[in-house]
Number of protein chains: 2
Amino acid sequence: MPNVENVTSKRVMVVGGDGYCGWATALHLSRLGYEITIVDNLIRRHWDATHLLDSLIPIAPIDRRIAAWQRSSGKTIGLQLIDVREYAPLAAAIESFRPDTIVHFGQQRSAPFSMIDREHTVLTQVGNLTGTLNILYAMRDIVPNAHLVKLGTMGEYGTPNIDIEEGYIEIEHNGRKDVLPYPKQPGSFYHLSKVHDSDNIAFASRVWNLRATDLNQGVVYGLSEETAGHPDLANRFDYDALFGTVLNRFCVEAVAGHPLTVYGAGGQTRSFIDLRDTVACLELSIANPPAPGRLQVFNQFTEICSVFELAERVQRVARARGIACTIEHRENPRIEREAHYYKAKNTSLLGLGLQPHLLDDRTIETMLDIAATHRGRISPALIPPHVGWDARAFEATTNDESAVAHATS
Amino acid sequence: MPNVENVTSKRVMVVGGDGYCGWATALHLSRLGYEITIVDNLIRRHWDATHLLDSLIPIAPIDRRIAAWQRSSGKTIGLQLIDVREYAPLAAAIESFRPDTIVHFGQQRSAPFSMIDREHTVLTQVGNLTGTLNILYAMRDIVPNAHLVKLGTMGEYGTPNIDIEEGYIEIEHNGRKDVLPYPKQPGSFYHLSKVHDSDNIAFASRVWNLRATDLNQGVVYGLSEETAGHPDLANRFDYDALFGTVLNRFCVEAVAGHPLTVYGAGGQTRSFIDLRDTVACLELSIANPPAPGRLQVFNQFTEICSVFELAERVQRVARARGIACTIEHRENPRIEREAHYYKAKNTSLLGLGLQPHLLDDRTIETMLDIAATHRGRISPALIPPHVGWDARAFEATTNDESAVAHATS
């Protein structure tokens, strides 16, 4: 772990610092002594509003969040309310803050959102790609020695029938060998946007001799420690069909007396990470920049589990606490393998010192408690999926309950 | 080869049909009996104008081109002057023409253009990606049984130290096997845009059960047969630093009494194809659509050669015709390997019946004749590269001649 004494002069720009991972990371790094500026356009709050969604845990406006952190920690966090899809304000912010590290979470990050329709696909891919290109050009021209730490996703790899490595794979073919980028099979237009970014960043690192780290993160759950001190520091907790992640959703379903809904067979196997480990991974990545020129890739997860196994774990913990809890299979809105091989490597961050918070009963209990605390804010209508990967097929067979729920949500 | 009798009712939309490959393809397919509609926004002509460039061979406006074809062949070609980055006009054109095949050449296709600056990078990637996404959505919603034939590039693969396969590679790793997308290492933001497209098309084919073929084309040279009949049918012939391809440029340099300029060591080895074979490959691809659901990938080239070998071949043929001709090395504006392994597979199109026009002396003589015919239109100032992959480094060391040439071109 980096010595705080050595990092107090380090400036980190957290793009997307108002989001779930971004806010947790900004506070964690601020507590460690990094000088933090958040760059965010607050578009996620707008999307919540226009899609009639809301975080289960109420979140304060960004200025109140930052003021609360100042009061509780004595630390100042800077704020630039700009859109990284526009170059001029981004360049001005980088010119004035001169970050040592740019952490980039500032993207549309929902697979279902990217699959709603053509407009949402284009918005996701064009927006994510343009923001990253703008950051790369700003680094080249303004802060060429800075380190880009970019959030990718384990979903870039898909579910190949061979072991997943960290970014690169040595291939022997017709008697010759090379180490090449790991082949990607992303499962949505959102995941594709992250693959496009990875390819663009790898190229820019090479030709402009930049330092960059790509963090292929698993499915995140839970809450980090720094957001617990005051209601105005609270982090978002998404359980809805667009932005909710699966474990958060299961906990909300259990507390709401709703079956845990497994889409398809549930053999979809994914990698997972506790948000407390996410912030630790960011801390480790920032402290360990690569040499310039070659994109560094870390797989950022701590354990692997199928969706059905995850539902069973939540069910067991919920029942032990006296919550009646059933598991039901529903039609899968995604087109994906529901039974497949899955083994992925995650040794880099462990080797740098990550101490995982594995998903134990205590963590699930804490999440059930969070859901129970905010029980009155649970809107069951937000849970059923309404975006199918093949839009027409899914709409044609979806049940009336979820169709009505969406119409009235 | 497809039987013309069987294809007379086949409708092919040629997106980018006013360009070098697109115009040649439109005429070739029209001659074979396909019903052709060209979709083009004529932006390439605008870029020529704004970058002070021009084709060596003068080209007629698109309406005169089509009228000349009507007079010489008796065949009608439709025209829609629309921009595929805008969905509504594209959808209307597809709705009214109802193509059986959509051939997609309608993209920014120059690597140096994509590297000029941030604006040109974003224009290239956002434009290319949006156009392809729009076409995929229009296929899904309007012509789900149509076949997309998309121009990719061999440059998507880069120069790996193992053999290049056609789109996919079987990988054995830790005792398990899978057939995965071939790992890509593209060498410019333009080439990256084609990789992004390939990934998007593969995904859309899978989840929407579309038919699509990706043609990874080598460096094209020469002229096709159908454009020879009348000056108004003539195809463009680019030799400038932005859009010129290397063999065309060498032939122009030879005729202009300019050294053949090899950038760097010249050991850069690439795949090549005669434009007469390009149009035959399009014909074969259209006649052989894949089953829906899995992107079909063909490598579209006929031979492999290093840039220096190519210069030597042009020099030999030029000298035999009494043209004094030297070869000079110049600083390489690109960041690329100048000596490397290169072996790529191209058996699919050969297996479908492609009869290659290999690069023999006769072909080079014909190209030298073309350059000589239009000698008076050669502008030597357009030849030296002015866009470096590391912009600052290249500008700092470029010689005065090319700097002045660009300023006054």
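See the values below:
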| item | result |
| --- | --- |
| Global form of the range A:1-109, assessed from the alpha-carbon gyration tensor, a/c cut-off 1.5 | oblate |
| Where A meets B: accessible area buried, both sides, 1.4 Å probe, Å² | 5000 |
| For the protein assembly as shown: rounded, prolate or oblate by the Cα gyration tensor [a/c cutoff 1.5] | prolate |
| Pairs of Lys in chain A closer than 16 Å at Cα, counting only those 8 or more apart or on different chains | 5 |
| Whole-percent carbon and sulfur share, accessible surface of chain B, 1.4 Å | 51 |
| Built amide H within the under 5 Å cut-off of A:Gln217, gap 5+ | A:Gly152, A:Thr153, A:Met154, A:Gln300 |
| Karplus-derived HN-Hα couplings along the range A:297-303 (A = 6.51, B = -1.76, C = 1.60, θ = phi - 60°), whole Hz, x at Gly and Pro | 10, 10, 8, 10, 8, 10, 7 |
| Helical contribution to [θ] at 222 nm, DSSP H n ≥ 4, -39,500 (n - 2.57), averaged over the protein assembly as shown, rounded to 500 | -12500 deg cm²/dmol |
| Residue mean of other protein chain beta carbons inside 10 Å, A:72-82 | 0 |
| Drop in accessible area of at least 20 Å² in the complex versus isolated chain, residues of the range A:101-127, 1.4 Å probe | A:Met115, A:Arg118, A:Thr121, A:Val122, A:Gln125, A:Val126 |
| Dipole moment magnitude, nearest 20 debye, chain B about Cα centre, only Lys, Arg, Asp, Glu C-beta charged | 540 |
| Most mobile of A:Pro384, A:Pro61, A:Pro292 in a GNM of chain A (Cα contacts under 10 Å) | A:Pro61 |
| The range A:66-138 versus the range A:160-208: alpha-carbon centroid distance in Å | 24 |
| Given charges at beta-carbon only (K, R positive; D, E negative), |dipole| of the protein assembly as shown in Debye | 80 |
| Other copies of A:Arg321: label-to-label distances in nm, shortest first, labels 7 Å along the beta-carbon direction | 8.3 |
| For A:Pro58, label point 7 Å along C-beta direction: distances to other copies, nm | 7.5 |
| Proximal charge balance of A:Gln70 [Cβ under 12 Å; K/R count +1, D/E count -1] | +2 |
| Amide hydrogen neighbours beyond the local backbone of A:Ala344, cut-off 5 Å, H modeled | A:Ile164 |
| Global geometry of the range A:265-381, whether rounded, prolate or oblate, following the gyration tensor of its Cα atoms and the 1.5 cut on a/c | prolate |
| Relative contact order %, chain A, counting alpha carbon pairs below 8 Å whose residues are six or more apart | 19 |
| 7 Å along Cα→Cβ, label-point gaps from A:Asp361 to other copies, nm, shortest first | 8.7 |
| Size of charge dipole - the range A:235-277 - debye, nearest 20, with Cβ of Lys, Arg +1 and Asp, Glu -1, no other charges | 40 |
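The values are calculated or read from the model by the stated rules, or taken from the named source; none is laboratory data. Every value quoted in this text rests on a predicted model; they were computed, and no experiment measured them. Virtual Cβ from ideal backbone geometry, glycine too; neighbours counted across all protein chains shown. Calculation scope for accessible area: heavy atoms of the full protein, side chains included, ligands and nucleic acids excluded. Shrake-Rupley method; radii C 1.70, N 1.55, O 1.52, S 1.80 Å.
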